[in-house]
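S.K.: Sharing a structure with you now.
The values are calculated or read from the model by the stated rules, or taken from the named source; none is laboratory data. What you see is a predicted model; the values in this text were computed from it and never measured. Every residue, glycine as well, gets a Cβ built from its backbone with ideal geometry; the counts of neighbours run over all protein chains shown. We work out accessible area using only protein heavy atoms, side chains counted, and drop any ligands, DNA or RNA first. Shrake-Rupley method; radii C 1.70, N 1.55, O 1.52, S 1.80 Å.
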Amino acid sequence: MTSDTTPIAAQDRTTLPEDATQSGAYPDDAEHAGERSLHRIVIVGHVDHGKSSLIGRLLHDTGSLPPGKVEELEKISARRGMEIEWSFVLDAFQAERDQAVTIDTTQIWFKTGLRDYVIIDAPGHREFLKNMVSGAASADAAIMVVDAEEGVREQSRRHAYLLHLLGVRQVAVVINKMDLVDFSQTRFDEVSREITDYLRSIGAAPMMVVPISARGGDNIATRSARTPWYDGPTVISALDGFHGHPGVGAQPLRLPVQDVYKFDARRIVAGRIESGAVTVGDTVLFSPSNKTARVRSIEAWPAEQGPETAAAGESVGITLDEQLFVERGEIVSHAENPPKLSTVFHARLFWLGHNPLKVGSRYKLKLLTQEAEVTVRSIERIVDTQTLENAAGDIVERNAVAEVTLFSRQVLGIDDYGDLPKTGRFVLIEDYDTVGGGVISMEGLPDQRQAITVKSTNVISVEHRLTADSRAARNGHRGGVLWFTGLSGAGKSTLAMEVEQRLFAKGYQVYVLDGDNVRRGLNANLGFSPEDRTENIRRVGEAASLFADSGIICITAFISPYRVDRDRARASAPGRFHEIYIKADVETCERRDPKGLYKKARAGEIAQFTGVSAPYEPPEAADLVVDTGAESVSESVERIIRYIETEFTLSRD
């Protein structure tokens, strides 16, 4: 999840205290331009457990502080009547020094003998959780700081859950302030066991647990004599033990387009590679536009000759072998392993807004460089981060975790965070403020790419000699599609068959395409995977359009739960498509349950059953709404017949 909107030239700059910008190395340092890798580490933990102190001590013990900084810290600390306070290295704001609380994420470039790092100091105070989310969003790994004396606190658990939620899988724990408990191995074991048990319970077992005293420098850069019972790594060793960006080809290519620059005769597509690698000559795919091209060159500045390959973590520009129109927000991938395309996805998110999240609420989603308006379609469950218990609910209050389903009007290129954590993260914005962050799950949902990909070539349309008007004149009515949509058990098939019979008796040319019947023939080769369900609706939409083109009134009876699929069917029959919402709530449909499907779904025998374990997106502007929960079958049929007579029958004047 990346919410960065700054140009590439400014993308890797840090936010530092005024006089701390000299410490560490910047990306344009000569050494950074070599083979050394860059790792982003977020430091988290409960307020006052010593995160900033740890970073200050790390900088000191590795010789990364500028000349005179230690003396300055000693003077500042002395004026406050305390020993040297390493947290003042980062706490640049006077408000923070006075209150001893970090209120914003601070990033600082930092070196060990092995690697370059961006250390992100995230605030621990509950009021500033959104800053912690912003900091953790781009991290490769995390260090969690726990006070040896206080032990694991509420915010410790909340930060741990957030790391897991954001897909940060590499976590090391440091038990700080061991000097306050006389470097007791017993106390270390107690706290270590408590935080390890919690992390394991959420599927995020720590890679290591290190006893330290940030103030005294114990086990920071060198092993401390005051912990003879500990034989594990130091904090520096733990950092160097994290793995960073995957090697070339280890993960699929994901290059979010940040901008397109016109430079002399070239159009340079620029962005930062989040995973995988790209090589000159590769055929790449842009999502969600579904356009393809070959990479002509990889641009580098100021070098005259660009590299042949660029890999994860690098900010690059590429040129293509043809002048495609692509925009910020597109994702570059290889054609054989692209992101999914979808307008709907499941999400587990941490809510930070002052106003509660509700079904129907709209927010701006920022996913990599993509931005889109999304609507909350459903709230599946709310998770207690303390007990990990799930509960049902209609609203999500501040600082709560929830599993929800989000819908976007525009197609998005997305990854399941379980497959690609960096590109499966997102944030939600309301009134220019970050109000939530989370990860994506596409479980049970279709990849819509197949439905929008045109594979046929050298196909030329043949024009019919009979016009739509001549067919309508012969039949006495226009052709069209009546698309019945609604939950299973709402009455779609019952009404469709009754309407067909009544219309036929009146002399109309009419035919019903029913879901079960179609699956016995036209779509017999399709299963019930999300992709097959999308293809099922696509084929039905195309078939219904052919019926309408022939002058027949085609009635379809399909759940068709996603608006994007129904919109695609509408596009297949422009001007002749009528969306009829057969409305009934889940309780009514389940009470009817004519095929026993709800019972099987409740028993877990049917996965991703619409209305129970999968979402249904009701029409926002149906041409006709028929409420079968409030009307009888005969009343509903009469309403549909009147609608058809009004919309389809030719005037007898």
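S.K.: Can you give the extra length, in nm with one decimal, that the chain gains between Glu371 and Ile641 once fully stretched, where that is 0.36 nm per residue apart less the Cα-Cα distance?
M.R.: Length gained, Glu371 through Ile641: 92.9 nm.
S.K.: Rounded, prolate or oblate: which fits the stretch 441-596 when a ≥ b ≥ c are the square roots of the eigenvalues of the alpha-carbon gyration tensor, with rounded for a/c under 1.5 and prolate only if a/b beats b/c?
M.R.: Note, shape of the stretch 441-596 comes out oblate.
S.K.: With only Lys, Arg, Asp and Glu charged, each at its Cβ (+1 for the first two, -1 for the last two), find how big the charge dipole of the stretch 535-646 is about the Cα centre; round to the nearest 20 debye.
M.R.: Using Cβ point charges on Lys, Arg, Asp and Glu, the stretch 535-646 gives about 320 debye.
S.K.: Which pairs in the list Lys291/Lys600; Lys111/Lys364; Lys291/Lys422; Lys291/Lys583; Lys177/Lys366 are over 32 Å apart, alpha-carbon to alpha-carbon?
M.R.: Cα-Cα > 32 Å for Lys291/Lys600; Lys111/Lys364; Lys291/Lys583; Lys177/Lys366; rest within.
S.K.: Return the carbon/sulfur percentage of the accessible area of the stretch 183-246, one whole number, probe 1.4 Å, all protein chains in place.
M.R.: 47
S.K.: Putting +1 on Lys and Arg Cβ atoms and -1 on Asp and Glu Cβ atoms, find which of Leu368, Ser333, Leu352 reaches farthest to the positive end of the dipole of the stretch 302-410.
M.R.: Sorting the options by dipole projection puts first Leu352.
S.K.: Give me the one-decimal nm value for the distance between modelled label points at Asn390 and Ser550, 7 Å along each residue's Cα-to-Cβ direction.
M.R.: Going from the Asn390 label point to the Ser550 one covers 4.7 nm.
S.K.: What's the center-to-center distance, using Cα atoms, between the stretch 517-550 and the stretch 622-653 in Å?
M.R.: Rounded to whole Å, the Cα centres lie 25 Å apart.
S.K.: Using a/c under 1.5 as the rounded threshold, could you call the stretch 457-534 rounded, prolate or oblate? The axes a ≥ b ≥ c are square roots of the C-alpha gyration tensor eigenvalues, and prolate needs a/b larger than b/c, oblate otherwise.
M.R.: Here the stretch 457-534 falls in the oblate category.
S.K.: Between Glu194 and Ala335, how many nm apart are label points set 7 Å from Cα along the C-beta direction?
M.R.: Going by the 7 Å Cα→Cβ label model, 5.8 nm.
S.K.: Also, quick follow-up: Label the stretch 221-380 by shape, choosing from rounded, prolate and oblate, from the square roots a ≥ b ≥ c of the eigenvalues of the Cα gyration tensor; if a/c is under 1.5 it is rounded, and otherwise prolate applies when a/b is larger than b/c, oblate when it is not.
M.R.: In terms of gyration-tensor shape, oblate.
S.K.: Quick query: amide H of Glu299 versus all other amide H atoms, modeled in the peptide plane; which residues come in under 5 Å with a sequence gap of 5 or more or a different chain?
M.R.: Amide H neighbours of Glu299: Gly317, Ile318, Thr319.
S.K.: What's the ranking of 538-550, 314-326 by average number of surrounding C-beta atoms within 10 Å, highest first?
M.R.: By packing density, highest mean first, the sequence is 538-550, 314-326.
S.K.: In addition: Could you sort 594-604, 417-427 so that the peptide with the highest average Cβ count within 10 Å comes first and the rest follow in order?
M.R.: Listed from highest to lowest mean packing, they are 417-427, 594-604.
S.K.: Hey, another quick one. Give me the number: length gained by fully extending Phe325 to Asp240, i.e. 0.36 nm times residue separation minus the C-alpha to C-alpha distance, one decimal in nm.
M.R.: Extra length available between Phe325 and Asp240 comes to 26.4 nm.
S.K.: Another question about this same structure. Using the beta-carbon distance between Asn525 and Tyr261 and R0 = 41 Å, what value does 1/(1 + (r/R0)^6) give for FRET efficiency, to the nearest 0.05?
M.R.: According to the calculation, E is roughly 0.30.
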